Amino acid sequence: MPATVTAEALDSIVKPQIERLVPYSPGKPIHEVTAELGLTDVIKLASNENPFGPAPAVLEAIRHALSEIGFYPDAGGVALREKLAAQHGVAVDQVVLGNGSDELLQLAGLAVLDEGDELIIADPTFARYEPQATLHRAVAVKVPLRRDTHDLAAMAGAVTRRTKAIFVANPANPASTYVPDGEVEAFLDAVPENVLVVLDEAYFEFVDHRDHGGSLALAARRPNVLILRTFSKIHALAALRIGYGLGSPEVIGWLHRVREPFNTSSLAQVAALAALDDVEHVARTVACNAAGRARYLAVCRELGAPAVESQANFVLINVGTREIELYERLLRAGIIVRPCSKLGFPGRLRVTVGTPAQVDRFLETFEEYWRT
Ligand SMILES: *Cc1c(COP(=O)(O)O)cnc(C)c1O
């Protein structure tokens, strides 16, 4: 046994596709900016988190459940799944919980993708989609956005004999746009039933157009459709890692088979249960988001900085060649946003809708820099 293992010896162990995976690069955390720039009052508008935090009743439920953390959580997540099932008008075996919806994307990939299969995704799209193909030696087939929006007709047209799955974020991230129900329906009609369609609806609640919100009814007649939702954004539970999938008993059954038995914690489960009850907090978040989003878009229009008509809790601003310069200047002013070169959108900044005060602070700083 040699004292040191050579890099070559280790390379022979790891699957070749693992070497091609790139660790996710998240938005810069507040403590890093505080430490690096010696700032005290730093705000983060980089990861589409809920700026209001969870409802007080949710924090109380978590506190109450703390004494139980010596026990394993309910592996079936039954109480939460029953509540979600009742709320969505589906059976309990049509609901699966995940360690964030991110885990559910991974489970979907694990269940259906194999070497040489094809996964159709938009370009650019959520950074967590392509790695699911890479992980299983499948091929990510990328269909460009059209006017910053999913081109569902082109995505359906890209289906081949090898296609196993299509991942669609609606609303999209980082694009911020949505596709209306009519287009989703035409798309689902055009996709063969032996292709899994994942509708990732992490920003579902933030859409205010009336021609949206009917995906569950569309999925009811199509067993190949999996809908993903999350408690991370609207319910402000990002740190607890909890999301859920809704679909046919068949597809949901696959995910239950491949998931870890205890993939969601007891604290996440009780917090999610309490969050579902706090309808007022949700309504307030939605209203504040709509107002902040409208202010972002109005000021950008005024300044001649083109921004995409967002239906999410963030906006995408076209700043051209000043992307990195603006990002750094905002950072020095204690405002963390997301430069989008790494997200496949060079020349854009992605800015989360904050509290009214945070929206003001971003707009003042942005305007000052934009005009100079
Ligand atoms: C934020 C986000 C998610 C949700 O992630 P969680 O793992 O539930 O925190 C999923 N999809 C998209 C497109 C997102 O932007």
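The values are calculated or read from the model by the stated rules, or taken from the named source; none is laboratory data. All values reported here derive from a predicted model rather than from experimental measurement. Glycine also receives a Cβ, built like all others from the backbone with ideal geometry; neighbour counts cover every protein chain displayed. Quick note on the areas: whole protein, heavy atoms, side chains included, nothing else; ligands and nucleic acids left out. Shrake-Rupley method; radii C 1.70, N 1.55, O 1.52, S 1.80 Å.
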Q: Consider only pairs whose beta carbons are under 7 Å apart and that are at least six residues apart or on different chains; among these, list those whose first residue lies in region 155-178 and is within 14 Å of residue 201 (Cα to Cα) and whose second residue is acidic (Asp, Glu) and part of a loop (DSSP other than H, G, I, E, B).
A: 170/201; 175/148; 177/148; 177/309
Q.
Of everything in region 229-245, what is under 20 Å from residue 289 (Cβ atoms) and open to solvent by 30 Å² or more (accessible area, probe 1.4 Å)? Give them in sequence order.
A. 233, 238, 239
Q: Would you check which residues across region 13-35 are more than 18 Å from the chain's Cα centre (by Cα) and among the basic types (Lys, Arg) and list them?
A: 15, 20
(Q) Anything in region 246-289 that is open to solvent by less than 30 Å² (accessible area, probe 1.4 Å), aliphatic (A, V, I, L, M), over 22 Å from residue 56 (Cβ atoms) and assigned to a helix (DSSP H, G or I)? List them, or say none. (A) 251, 252, 255
Q. Cβ-Cβ below 6 Å, separation at least six or inter-chain, first residue in region 88-109 and outside any helix (DSSP H, G or I), second within 7 Å of the ligand (Cβ to nearest atom) and open to solvent by less than 10 Å² (accessible area, probe 1.4 Å): which pairs?
A. 98/243; 100/243
Q | Single residue of region 2-31 satisfying the filter (open to solvent by less than 70 Å² (accessible area, probe 1.4 Å) and farther than 26 Å from residue 356 by Cβ) that is nearest to the ligand (Cβ to nearest atom) | A | 25
Q. Can you tell me which residue in region 35-67 is nearest to the ligand (Cβ to nearest atom), limited to those that are in a loop (DSSP other than H, G, I, E, B) and among the β-branched types (Val, Ile, Thr)?
A. 42
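I'd like to check something: does region 123-135 contain any residue that is free of Cβ contacts under 8 Å to residues at least 24 places away in the same chain and not basic (Lys, Arg)? Outline the logic, then answer.
Of the residues in region 123-135, the ones free of Cβ contacts under 8 Å to residues at least 24 places away in the same chain are 130.
Applying the additional criterion that residues be not basic (Lys, Arg) yields 130.
The answer is yes; a qualifying residue exists.
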Q. Can you name every residue in region 98-120 that is among the aliphatic types (A, V, I, L, M) and within 11 Å of the ligand (Cβ to nearest atom)?
A. 104, 105
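Among the residues in region 72-86, are any of a type outside the set (Phe, Trp, Tyr), open to solvent by 50 Å² or more (accessible area, probe 1.4 Å) and in contact with a Leu (Cβ under 7 Å, 6 or more places away or on another chain)?
To start, the set of residues in region 72-86 that are of a type outside the set (Phe, Trp, Tyr) comprises 73-86.
Checking the rest, the ones that are also open to solvent by 50 Å² or more (accessible area, probe 1.4 Å) come to 74, 78-79, 82-83, 86.
When the remaining residues are screened for being in contact with a Leu (Cβ under 7 Å, 6 or more places away or on another chain), the result is 79, 83.
Scanning region 72-86 turns up at least one residue that is of a type outside the set (Phe, Trp, Tyr), open to solvent by 50 Å² or more (accessible area, probe 1.4 Å) and in contact with a Leu (Cβ under 7 Å, 6 or more places away or on another chain).
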Q. Has region 344-360 got any residue that is in contact with a Lys or Arg (Cβ under 7 Å, 6 or more places away or on another chain) and assigned to a helix (DSSP H, G or I)?
A. yes
